[in-house]
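No lab work stands behind these numbers, since they all come straight from the coordinates. The model shown is predicted, which means the values in this text are computed figures rather than measured ones. For neighbour counting, all protein chains shown are included, and Cβ atoms are generated from backbone atoms with ideal geometry for every residue, glycine included.
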Amino acid sequence: DQQVKQNSPSLSVQEGRISILNCDYTNSMFDYFLWYKKYPAEGPTFLISISSIKDKNEDGRFTVFLNKSAKHLSLHIVPSQPGDSAVYFCAASALGGGADGLTFGKGTHLIIQP
Amino acid sequence: KAGVTQTPRYLIKTRGQQVTLSCSPISGHRSVSWYQQTPGQGLQFLFEYFSETQRNKGNFPGRFSGRQFSNSRSEMNVSTLELGDSALYLCASSPQYSSYNEQFFGPGTRLTVL
């Protein structure tokens, strides 16, 4: 039973355009959501997070949107740059519940084309 | 500051054997989490240790165990290895318990079970 789903295994976007990565979750106990970025042969690195009390969080070129009623979040990257090519993981936590650590999606491979 | 280090980086074992993986967190970090990454399942949470105590545990069989030492270094042990245990094992450290937005990952240990 996959509680965090990233339905697009890969996404190709032209440099300078907007990249939108999507994530759906099923567990209504999740109250904290994160995005991680992973390059080959490296561990994931934290990108941006959002608490369930917010519907938007912005950090430079990265914005995360949360739609609690739809149990959906998205990561927007504007403008997309070649260095953004990586695998992006969506993750969720039930901090209020204090158990089970982080639940990750399977990742979306973003390819930025010149 | 030095990053999270994991040893060994690569390991080959045969079915039935046991293996111990090591993780040294960033200096001053007291929480260490372990994850298993496979192509089919993505990143899955194994357990989290904080101040030498296991605080969270994922849905893995008892063959997977870990411990944390007083200097915050952590080891993960897998007994009676199975072919399906072949994976990238990632360790992540953070200053406090469940502070996932401050979590830093190591490069991982690639375990191959033959």
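Couple of notes before you dig in:
- Shown here for the range A:4-49: trypsin sites (Lys or Arg not before Pro) in loop regions (DSSP other than H, G, I, E, B) with at most 14 other Cβ atoms within 10 Å, namely A:17.
- Per residue of B:99-105, other chain Cβ atoms within 10 Å of the residue Cβ number 6 on average.
- Along the range B:56-63 the Karplus relation, 6.51 cos²θ - 1.76 cosθ + 1.60 evaluated at θ = phi - 60°, assigns HN-Hα couplings of 9, 9, x, 8, 10, x, x, 5 Hz to successive residues, with x for each Gly and Pro.
- Over all other residues within a Cβ to Cβ distance under 9 Å of residue B:113, the charged ones net out to 0, with Lys and Arg as +1 and Asp and Glu as -1.
- Shielding by other protein chains, B:49-62, mean Cβ within 10 Å: 1
- B:38, A:103, B:80 arranged by Cβ crowding within 10 Å, fewest neighbours leading: B:80, B:38, A:103
- The range B:16-93 and the range A:28-65 have Cα centres separated by 23 Å.
- Just so you know, the Cα atoms of the range A:1-62 work out to an Rg and Dmax of 13.4, 37 Å.
- Taking 7 Å steps out from each Cα toward its Cβ at residue B:27 and residue A:5 produces label points 4.7 nm apart.
- The distance between label points at residue A:76 and residue A:39 comes to 2.7 nm (points 7 Å beyond Cα on the Cα→Cβ vector).
- Distance between the pseudo-spin-label points of residue B:67 and residue A:15 (7 Å out from Cα toward the beta carbon): 5.2 nm.
- Residues A:104, B:47 in ascending order of nearby Cβ atoms (within 10 Å, fewest first): B:47, A:104.
- Neighbour counting of Cβ atoms within 10 Å sorts the residues B:48, B:102, fewest neighbours leading, into B:102, B:48.
- Based on alpha carbons, the Rg and Dmax found for the range A:48-108 are 12.8, 39 Å.
- Annotation for the range B:34-114: trypsin sites (Lys or Arg not before Pro) lying in DSSP loop with at most 13 further Cβ atoms inside 10 Å of their Cβ are B:63.
- The charge dipole of the range B:22-114, taken about its Cα centre with unit charges on the Cβ of Lys, Arg, Asp and Glu (plus for the first two, minus for the last two), comes to roughly 100 debye.
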